[in-house]
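Report on the structure given below.
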Amino acid sequence: MSISPQSFLKHLIHRDILFFTGVPDSLLKYLCLCIDQSKDIKNNHIITSNEGAAIGLASGYHLGTNKLPLVYMQNSGIGNAINPLLSLSDSKVYSIPMLILIGWRGEPGVKDEPQHLSQGEVQIDLLNSLKIPYDIISKDSIDYKMIIDHGLDVAKKKSSPFVILIKKNTFSKIEFNLKKQRKNNLSLTREYSLDILLKSLPKNSIIVSTTGKTSREIFELRELNNQLHENDFLTIGSMGHCSSIALGIAKTNPHLNVFCIDGDGSMIMHMGTLSTIGQELPNNFHHILINNYTHESVGGQKTSSEIIDFHLLSKSLNYQDYCIANDQKSLNHLIEKLLNNTNKPALFEIQVEPGSRLDLGRPTITPKENKIKLMKKIHELSQKK
């Protein structure tokens, strides 16, 4: 029997955990939605750009209040958090206590996507190597309150982080509406916009797409339109790094047109890459931002893109042009400018409504097959230059 996320949160609040920060995770999404809706927490829930920032923010909260914060993340984000975990909150450095909830994707013996398997396999060994004490909660943990209490007691006693791994299907579902997370209604959807893009781009374009539903939709659109997948690199993991991947391809293949199809959560997670792109000024790099203002794949929580002016941002980072679309007319204009633009790199922002088809599938080729097909295509195009 699954655990009520409302009851879980109620116990945390009872134990004086009143500050929450992190990056949304699909295994924790119902708990995160409860945190968002809680009147007891009010403004003390902050979604950060990446997991390392959440550890830093939580550390600042403790320094300013002498209270314990809670950090949440997917286990794929531990890589972002290791630096501050070992050089900031560790007991040998500043010794900062906090409770960390980690969604355990790729747990051995549990079916999951390829990008989560290795991370899931090494999860326990990784925590042991980091010397971070931990416990595990699953849907069958009738003693979950005792586990929370034990974790908080250890964190306080040792004045250092304590991790609770959350298994798949631990929390029971609650109803929520993605569109209510947004303040504006937009006429474009991501899948429709991607369909127009794929049909419009030159035949030999190289596409690098971000993780989540963007890559899934691109794969299915290629299938639907009887197009090959050899020009696409579908970044199924490594959130925030698709622009770096695209830049690497563009810099080493100046004869190719490279289109990076990014998302707002992904771009914000490692926004520093934009400065690298602006510094390198690749004249074959096209940066497309599909902005739906949410972490859609993991629950629909808001990103900070509502307060970002991507035009000013890209200009300040030496992007040479910018264009925005939020309806059919402006999308047509954006496509025309994208195809004829000579000022590169350029940023093309497409604002869309959150949401996707209920029957949206996943790529039926493996990541390695995707890599081999793309590299073969790049080599083939290089021979023709």
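Quick notes
- Hits among aspartates and glutamates - C-alpha to C-alpha of Lys368 under 13 Å, sequence gap 8 or more where chains match: Glu230, Asp232
- For the stretch 1-139, dividing the convex hull volume of the Cα atoms by the residue count gives 112 Å³ per residue.
- Couplings for the stretch 136-143, taken from phi via the Karplus curve 6.51 cos²θ - 1.76 cosθ + 1.60 with θ = phi - 60°, read 10, 10, 10, 5, 9, 7, 5, 9 Hz in order; Gly and Pro are left as x.
- Segment Ser159..Lys173, full-extension length gain: 1.7 nm, with 0.36 nm per residue of separation and the alpha-carbon distance subtracted.
- Normalising the average separation of contacting C-alpha pairs (under 8 angstrom, six or more residues apart) by the number of residues puts the relative contact order of the stretch 42-149 at 20 percent.
- Restraint check, Lys344/Lys384; Lys199/Lys384; Lys10/Lys173; Lys10/Lys131; Lys203/Lys371, Cα-Cα greater than 21 Å: Lys344/Lys384; Lys199/Lys384; Lys10/Lys131
- Rounded to the nearest 20, the Cβ-based charge dipole of the chain about its Cα centre (Lys and Arg +1, Asp and Glu -1) stands at 100 debye.
- Along the stretch 216-223 the Karplus relation, 6.51 cos²θ - 1.76 cosθ + 1.60 evaluated at θ = phi - 60°, assigns HN-Hα couplings of 5, 5, 4, 4, 5, 5, 4, 5 Hz to successive residues, with x for each Gly and Pro.
- Largest GNM mean-square fluctuation across Ser138, Ser87, Ser193, computed for the chain with C-alpha springs under 10 Å, falls on Ser87.
- Crossing angle, helix 51-65 versus the chain [Cα axis fit, 0-90 degrees, rounded to tens]: 40
- Residue of Thr252, Thr214, Thr235 that the Gaussian network model of the chain assigns the largest fluctuation, springs spanning Cα pairs under 10 Å: Thr252
- Residue-span extension gain [Ser95 to Asn332] - 0.36 nm each, minus C-alpha spacing: 79.8 nm
- Between the beta carbons of Thr366 and Lys251, assuming R0 = 22 Å, the FRET efficiency works out to 0.25 to the nearest 0.05.
- Taking the longest Cα principal axis of the chain as reference, the axis of helix 242-252 is set at about 40 degrees.
- Peptide packing for 96-105, 305-314 was compared via the average number of neighbouring C-beta atoms within 10 Å per residue; ordered from the highest value, the list is 96-105, 305-314.
- Estimated inter-spin distance, Asn225 and Asn44, nm [label 7 Å along Cα→Cβ]: 5.0
Values in this text are rule-based calculations from the coordinates and carry no lab data. Quick caveat, the model's predicted, so the values are computed rather than measured. When we count neighbours, we look across all protein chains shown, and the Cβ atoms used for this are built from the backbone with ideal geometry, even at glycine.
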